[in-house]
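Novice: Attaching a single structure in structure tokens format; questions to follow.
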Amino acid sequence: MMDNNPEECSVCFNNYDDTLLRPRNLPCGHPFCSQCIDNAIKNGQLNCPSCRAQHTATAATQFPISYGIEAFIRKLKGMEVVPVTTVPTKPNKAPTRGISKKLRSLVEEQKSSISSLITSCEEVLSQLGEYRGQLGDWKTQHLQLQDRLYALVEQNKSAMKLLELEDTSVVDMTTQGEEGKTQLQAMLGSLDTVNTAQEVDTTIDTADECSMKVEDWLQKCQELFPDVNTVHTSVKVEGLRRMREPVKSLVEAGRVVAVQEDQDGRRSARITLQDGQLYLHPLLRQPTPAHAHTIQESDVVGVLDPSCTLAFLDLGWAGSTRGRVTIRLTPDTPLARQFVLLCTGQRGHTYHNTKLLRVGGKGQPGVCVRGGDYESNDGEGGASLLPDLQGQYRESRQAGAVGSWWPLPGGLRSAQFFIATRDRQAGLQWPRVFGDVVSGLDVVRAAVNHSDITEVTVVDCGVVLPL
């Protein structure tokens, strides 16, 4: 543990050093080696291995060096352990036979001079050590500046690629529009010079064909460029739908966030790409990453298909995330809509950092686990976010069913949910089911088998965005 071995990192258990394993303090106060901090950073986020506090980070170098730990280690290295059985003795002085008092005085003077030089050396060495520490601080500051510059350069490259793609698209559409306009102008001239019925029919047919092409072009322009003001270095929602390579690289770098502003301030939500799926995480009051591309959260949620909504819960315990549970929600049911609101944080409340509360029927057929108390996190809260939760709900006896125990319309704790991990016995049904687990049921079963279910936490949540 850290208290017993302050000279070693509590993650990798290696002793700190002056290079890769140099100790650094996180804002929450816990120190770890630089290498473990770098390894723990994912998508611009760092969860403290000790207290799970979240910190925005791109590299370990942005956290300060723990000079207190380094000083303590130097002191440990400089200590000499004297065995208990050893009795220190004074060195025997060889007799200075044959040396006169004058020579003996010269010897003592020389010894005093050497001792003084040793003291001076120790003072200068100490100053050099302090100066090296200062140099280390300056190096850290310049490395952080270098990281920011690299990030800015990479962001600029991605933005330029996106702009170049948009510019190429605009050029192509402009060329098509100019050609259509020229053809329509030619048709106007032809209609002024027709002299026979056959010429009229032929010219009108040709004009109709040109008009249809131009109308198709106008419609395509409206679809591709609905608002010229949105074509800038910020990523558009349309860009997320197309997932072109520049947009993909920005999302993978954790530099695309959805934002929502209200009277209480600004909240932001990460957008991530994993295994070909695009995920929207919950809105939280957290710093927006530097130079991030922002999209209005309402626009992002607007791309969700209400007939096919996927939500996810990331469960974790014992200091680490154990897996993702993906749930397909039943469309057009109030409990499903409420579940989406609490996975995305649109109303200010979220399942993020809530605990699982209890296991129902553990060791019996039909076991399930309950969670979702976003208010008090102890099973006494979880009020509805919607005024009316009544709807057409189904019953199920299948494992993976997601529903609510609380009767409607009251349902004072209706935001709490259950996930069934086993099939129920014949004749018994899970009530008010509004979704089903499509992947990660093994994660829920592992949580049920944990020694204390209240130690299992929803460390992250959100919804899947369609590509």
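Novice: Confirm whether Leu284 is more than 16 Å from His349 (Cβ to Cβ) and in contact (Cβ under 8 Å) with a residue 24 or more places away in the chain. First the steps, then the outcome.
Specialist: Numbers: more than 16 Å from His349 (Cβ to Cβ): no; in contact (Cβ under 8 Å) with a residue 24 or more places away in the chain: yes.
So Leu284 does not fit the description; no.
Novice: Any chance you could count how many residues in the range 19-42 are in a loop (DSSP other than H, G, I, E, B) and in contact with a helix residue (DSSP H, G or I) (Cβ under 8 Å, 6 or more places away or on another chain)?
Specialist: 5
Novice: Still on this structure, please answer the following. Any idea which of (1) under 21 Å from Arg422 (Cα atoms); (2) assigned to a loop (DSSP other than H, G, I, E, B) is the one Leu386 doesn't satisfy?
Specialist: (1)
Novice: Quick check on Ser113: is it touching a strand residue (DSSP E or B) at 6+ places or on another chain (Cβ under 6 Å) and modelled with pLDDT of 65 or more? Working first, answer last.
Specialist: Values: touching a strand residue (DSSP E or B) at 6+ places or on another chain (Cβ under 6 Å): no; modelled with pLDDT of 65 or more: yes.
No, not satisfied.
Novice: With respect to Ile295, determine if the residue is open to solvent by less than 40 Å² (accessible area, probe 1.4 Å), at pLDDT below 85 and in a strand (DSSP E or B).
Specialist: Here the answer is yes, as Ile295 does meet what is asked.
Novice: Please work out which residue is farthest from the chain's Cα centre (by Cα), limiting yourself to the range 333-347 and to residues that are touching a residue at least 60 places away in the same chain (Cβ under 8 Å) and farther than 24 Å from Arg424 by Cα.
Specialist: Gln338
Novice: Test Thr321 against the criterion of being at negative phi, assigned to a strand (DSSP E or B), at pLDDT 85 or above and not acidic (Asp, Glu), and give yes or no.
Specialist: Working: at negative phi: yes; assigned to a strand (DSSP E or B): yes; at pLDDT 85 or above: yes; not acidic (Asp, Glu): yes.
So Thr321 fits the description; yes.
Novice: So, in the range 416-461, exactly how many residues are part of a strand (DSSP E or B) and surrounded by fewer than 19 Cβ atoms within 10 Å (Cβ to Cβ)?
Specialist: The qualifying residues number 3.
Novice: Within the range 387-407, restricting attention to residues that are surrounded by 16 or more Cβ atoms within 10 Å (Cβ to Cβ) and out of contact with any strand residue (DSSP E or B) (no Cβ under 7 Å at 6 or more places or on another chain), which residue is modelled with the lowest pLDDT?
Specialist: Within the range 387-407, the match that is modelled with the lowest pLDDT is Trp406.
Novice: In the range 25-47, which residue that is touching a Phe, Trp or Tyr at 6+ places or on another chain (Cβ under 8 Å) and open to solvent by less than 20 Å² (accessible area, probe 1.4 Å) is farthest from Asp137 (Cα to Cα)?
Specialist: Across the range 25-47, the extreme among qualifying residues is Ile37.
Novice: Oh, and also: Here are some conditions: (1) hydroxyl-bearing (Ser, Thr, Tyr); (2) touching a residue at least 40 places away in the same chain (Cβ under 8 Å); (3) out of contact with any Pro (no Cβ under 7 Å at 6 or more places or on another chain). Thr350 meets all but one. Which one does it not meet?
Specialist: Failing condition for Thr350: (3).
Novice: Could you please tell me which pairs satisfy a Cβ distance under 7 Å, a separation of 6+ or placement on different chains, a first residue in the range 53-76 that is without any contact (Cβ under 8 Å) to a residue 40 or more places away in the chain and among the aliphatic types (A, V, I, L, M), and a second residue that is part of a helix (DSSP H, G or I) and buried (at least 19 other Cβ atoms within 10 Å of the Cβ)?
Specialist: Here the result reads Ala60/Ser34; Ala60/Ile37, each pair linking the range 53-76 to a residue that is part of a helix (DSSP H, G or I) and buried (at least 19 other Cβ atoms within 10 Å of the Cβ).
Novice: List the pairs whose first member sits in the range 264-276 and is under 17 Å from Pro466 (Cβ atoms), whose second member is part of a strand (DSSP E or B) and open to solvent by 50 Å² or more (accessible area, probe 1.4 Å), and whose Cβ atoms are under 8 Å apart, counting only residues at least 6 apart or on separate chains?
Specialist: Between residues of the range 264-276 that are under 17 Å from Pro466 (Cβ atoms) and residues that are part of a strand (DSSP E or B) and open to solvent by 50 Å² or more (accessible area, probe 1.4 Å), there is no close pair.
Novice: State whether the residues of the range 355-363 include one that is assigned to a loop (DSSP other than H, G, I, E, B), buried (at least 23 other Cβ atoms within 10 Å of the Cβ) and at positive phi. First the steps, then the outcome.
Specialist: Going residue by residue through the range 355-363, those that are assigned to a loop (DSSP other than H, G, I, E, B) are 361-363.
Those still in the list that are buried (at least 23 other Cβ atoms within 10 Å of the Cβ) too: none.
Looking for residues that are assigned to a loop (DSSP other than H, G, I, E, B), buried (at least 23 other Cβ atoms within 10 Å of the Cβ) and at positive phi, one finds none in the range 355-363, hence no.
One line per residue, one yes/no per condition, for (1) farther than 26 Å from Leu284 by Cα; (2) in contact with a helix residue (DSSP H, G or I) (Cβ under 6 Å, 6 or more places away or on another chain); (3) not hydrophobic (A, V, I, L, M, F, W, C):
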| position | (1), (2), (3) |
| --- | --- |
| Gln398 | yes, no, yes |
| Arg424 | yes, no, yes |
| Gly427 | yes, no, yes |
| Val444 | no, no, no |
| Asp460 | no, no, yes |
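The values are calculated or read from the model by the stated rules, or taken from the named source; none is laboratory data. No experiment lies behind these values; they were computed from the predicted model shown. Don't worry about glycine lacking a Cβ; one is built from the backbone with ideal geometry, like all the others, and counts go over all protein chains shown. Side chains are part of the model used for accessible areas, which takes the heavy atoms of the whole protein and leaves out ligands, DNA and RNA. Shrake-Rupley method; radii C 1.70, N 1.55, O 1.52, S 1.80 Å.
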